[in-house]
Amino acid sequence: MTDMKSSPAGRSGAAAPAPDPASAAPGQTATTDPLGAAPALAGRRRSEMLYFALRNPKVILGLSVIVAFLLFGLLGPLFSEFGPRERNAGPLGAAPSSDFWLGTTWTGQDVFTQLAHGTRATFQVALMAAAISAFIGMTMGFVAGYRGGRLDEILMMITNIVLVLPVFVVVIVVTAYLGISNTATQALVIGLFNWTWVARAVRAQTLSLRARDFVDLARLSGVRTLSIIRREIAPNMASYLVMTFILLFAGAIVFAATLDFLNLGPRGGMSLGLMLQQANQQAAMSLGLWWWFVFPGAAITAITGSAYLTNVGLDEVFNPKLREM
Amino acid sequence: MGRYLGRKGLIYALTLFVAVTINWMLPRFMPGDPISDMVSRAGLRDPEAAARMQAYYENLFGLDVPIWQQYLNYWGSLFSWPPDLGISMWSFPRPVGDLVMGALPYTLALLIPAILLSWYVGNKLGALAARRKALDNTVLPVSYLLTATPYMWLAILLVWFGGMQLGWFPSSRAYSGNLVPEFSMSFIGSLALHWVLPFLSLFLVALGGWAIGMRNLVIYELESDYSNYLGALGAPPRLIRKYAFRNAMLPQITGLALQLGVVLTGNIVTEVVFNYPGLGLLLLNAITSTDFFLLQGIVLFVVIGVLICNFVIDIVYVWVDPRTRTGLQGASA
């Protein structure tokens, strides 16, 4: 979604004092011995990062909320004896009570059950979509940035075209024709269209790393291009890639929820966006059944908001300049 | 400058080409046949009547000529005036162009104020928050909360709270059902009242993103060498902040172009929630009634609209950033 929701934080992440892997420590040391000393140093650096990450309140809070929702999605359905679409599971339109923790819908479906199943589906779609977008975007960015020349021009032209395209509207047409049948297809469609800013950001980072001595040295010693990208360039921007994935994850959640809200999601399943769609369509607002639409929306907001928060925290961890301690 | 705009123009031309081609290809190469669906929905018993109906529709939608001819005709119909976007099946036999034109004013009335105001207010708010601890501690969390909120949820909450609980504003349609569109006080008043909640929903979500972006950018600029140097020279903080703000504006202008798609998406779902008769609601109707011609017409219209907006933003950028005019650096294409 578009680059959907990913862009607000994504853009600021890229423009503002983003983590600057190029200036990070391993660069200089690796010059002397690109293969020997690096692993030990990288290991120390990793544990140092972990040390700061586990002491950053934003990272802790953000990750806890995400993990809590993940556990809820995984385990929640086990605590329910109903199906997510099972009608007349309880009284019609009942407020939250000890029997029905989050109330019931107008047709007597259990909101708790729907929320648990919906959270599970949301995580599934978002993780798959983020992985696909990350793969496409990073591949494009690495290749364009490292190879340069004509290939760079072509790849960036493709990226810019998809960037200008109102992606969500295109995805609507594609899904309307395809008729999404399962979460994997939905994730694939989202992933295929939601990678542009990743490609541009990764390319920019790769361009600055490519000019480094240790990359030249690796190239001189005959290391293959793929290995250079994998072992010399990618590790030096690992922090950036992690943050990219988190933003893609948050963006995919909103993207999928919006598709589901337009009833373009997988048939027969349950998701947070679909709950909102059903609540809106069956006029939960005028019926006053607030629990029907407040909980799923709050879940989406909490997950995406926590992802943004984690990202800000990680920015501080990876970029010592931003640390407040 | 010519080179900069020329490069942008090339990208937009290619984008239009890709969009039109995708739009044209989808119904022809995807599994499923909209015409057959339509014929079978008619429920004709007599196979000969069904065949005749199929032939009639294929002729009507120009599907009875070779495939390359269809493609050329498609382009030709777009460049004719008024553009021929086909005939809607959802409200047969009205032309798609008429339906889109009828919905467009409502969408623009929501989108343009929401985009411009959220951009302006968000930038001001973000710049104020930067480096003012107390303000930052409230503006930033609220902004993150807003930007994490899905458009449809905020819209639903506004319908429920502002429309149902408080009853301050009507929460469905663009004007009262008992009025007819005319130029009178009562109609315009009703229009304005119905506009408030959908506008707020679009405005608030977009606001958060702009405020965060501006805050980060201003902090970045305030830490840069020229700001430190100005400070060392004894320039008043007001002046430094002014320079920082102006430099931080540039990425925000580029961001405006990047955010168009997001706001558009927000507009679609907001219109669906508020039953607001713009392009978004039309799009939903096209989806639910599998009216592919209407769907394609809307998509094409949206793509062209986005491209025009992008071009306008590019021109503004050239005007604001002198580096693009002298062909130095500035915005990357």
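What to note about this one:
- In this calculation the C-beta distance from A:D216 to B:Q70 is compared with R0 = 45 Å, giving a FRET efficiency of 0.25.
- Estimated at the nearest 10 Å², the accessible area of B:M53 is 40 Å² with a 1.4 Å probe.
- For the peptide B:7-17, the mean number of other protein chain Cβ atoms found within 10 angstrom of a residue's Cβ is 3.
- Shape category assigned to the range A:46-120 from the gyration tensor of Cα positions, a/c cut at 1.5: prolate
- Dipole magnitude (debye, nearest 20) for the range B:105-288, charges at Cβ of Lys, Arg, Asp, Glu: 520 debye
- Candidates B:L158, B:L78, B:L207: whichever shows maximal mean-square fluctuation once chain B is modelled as a Gaussian network with Cα springs under 10 Å: B:L78
- Residue-normalised accessible area of the protein assembly as shown, given per residue in Å² at a 1.4 Å probe: 44 Å²
- Cross-link partners of B:K242 among aspartates and glutamates (Cα-Cα below 13 Å; sequence separation of 8 or more within a chain): B:E221
- A Förster radius of 35 Å combined with the Cβ-Cβ distance from A:L50 to A:W101 puts the calculated FRET efficiency at roughly 0.45.
- Taking every residue in B:256-267 and counting other chain Cβ atoms within 10 Å of its Cβ, the average works out to 6.
- Tensor-based shape of chain B (alpha-carbon gyration tensor, a/c under 1.5 rounded, otherwise prolate or oblate): oblate
- Descending semi-axes in whole angstrom, ellipsoid equivalent of the range A:3-318, from the Cα gyration tensor: 42, 22, 14
- Dipole of chain B, positive end: most advanced residue of B:P181, B:G2, B:T290 [Cβ charges, Cα centre]: B:G2
- For chain B, the longest principal axis of the alpha carbon atoms and the long axis of helix B:67-79 meet at an angle near 60°.
- With the charge dipole of chain B set up from +1 on Lys and Arg Cβ and -1 on Asp and Glu Cβ about the Cα centre, the Cα lying farthest toward the positive end among the listed residues B:P83, B:Y56, B:V320 is that of B:V320.
- Gain upon complete extension [B:I304, B:V320; 0.36 nm per residue less C-alpha separation]: 3.3 nm
- Candidates B:P198, B:P93, B:P150: whichever shows maximal mean-square fluctuation once chain B is modelled as a Gaussian network with Cα springs under 10 Å: B:P93
- Counting Lys and Arg as +1 and Asp and Glu as -1 over every other residue whose Cβ lies under 15 Å from the Cβ of A:A144, the net charge comes to +3.
- Normalised by 2.2 N^0.38 Å, where N is the number of residues, the alpha-carbon radius of gyration of the protein assembly as shown equals 1.01.
- For the range B:158-195, residues shielded by at least 50 square angstrom of accessible area compared with the chain on its own, probe 1.4 Å: B:W160
- Ranked by the mean number of other Cβ atoms within 10 Å of their residues, highest first, the peptides B:295-308, A:204-217 come out as B:295-308, A:204-217.
- Annotation: aspartates and glutamates with alpha-carbon distance below 15 angstrom to A:K58 (same-chain offsets under eight excluded): A:D315, A:E316, A:E324.
- Protection proxy ranking, highest mean first, for peptides B:258-269, B:12-23, B:103-114, A:156-167: B:258-269, A:156-167, B:103-114, B:12-23, where packing is the per-residue count of other beta-carbon atoms within 10 Å, averaged.
- Rounded to the nearest 20, the size of the Cβ-charge dipole of the protein assembly as shown about its Cα centre is 1820 debye, with Lys and Arg at +1 and Asp and Glu at -1.
- Each peptide in A:64-72, A:285-293 gets a packing score, the mean of other Cβ atoms within 10 Å over its residues, and the list from highest to lowest is A:285-293, A:64-72.
- Only one residue of A:I246, A:L207, B:I304 has its Cα farthest out toward the positive end of the dipole of the protein assembly as shown, where Lys and Arg carry +1 and Asp and Glu -1 on Cβ, and that residue is A:L207.
- Cα gyration tensor shape for the range B:105-288, rounded if a/c is under 1.5, else prolate or oblate: prolate
- The accessible surface of the range A:3-318, taken with every protein chain in place and a 1.4 Å probe, is 64 percent carbon and sulfur.
- On the basis of the beta-carbon distance and an R0 of 56 Å, A:M157 and B:L179 show a calculated FRET efficiency of 0.65.
- Nearest-20 debye value, the range B:212-292 charge dipole, Cβ charges on Lys, Arg, Asp, Glu: 420 debye
- Peptide A:275-288 - average C-beta neighbours from other chains (10 Å radius): 4
- Each chain gives up part of its surface: A and B jointly bury about 5000 Å² of accessible area, both sides summed, for a 1.4 Å probe.
- Label-point separation, B:L5 to B:T288 (7 Å along Cα→Cβ), nm: 4.5 nm
The values are calculated or read from the model by the stated rules, or taken from the named source; none is laboratory data. Since this is a predicted model, take the numbers as computed values, not measurements. Don't worry about glycine lacking a Cβ; one is built from the backbone with ideal geometry, like all the others, and counts go over all protein chains shown. Heavy atoms of the whole protein, side chains included, go into the accessibility calculation; ligands, DNA and RNA do not. Shrake-Rupley method; radii C 1.70, N 1.55, O 1.52, S 1.80 Å.
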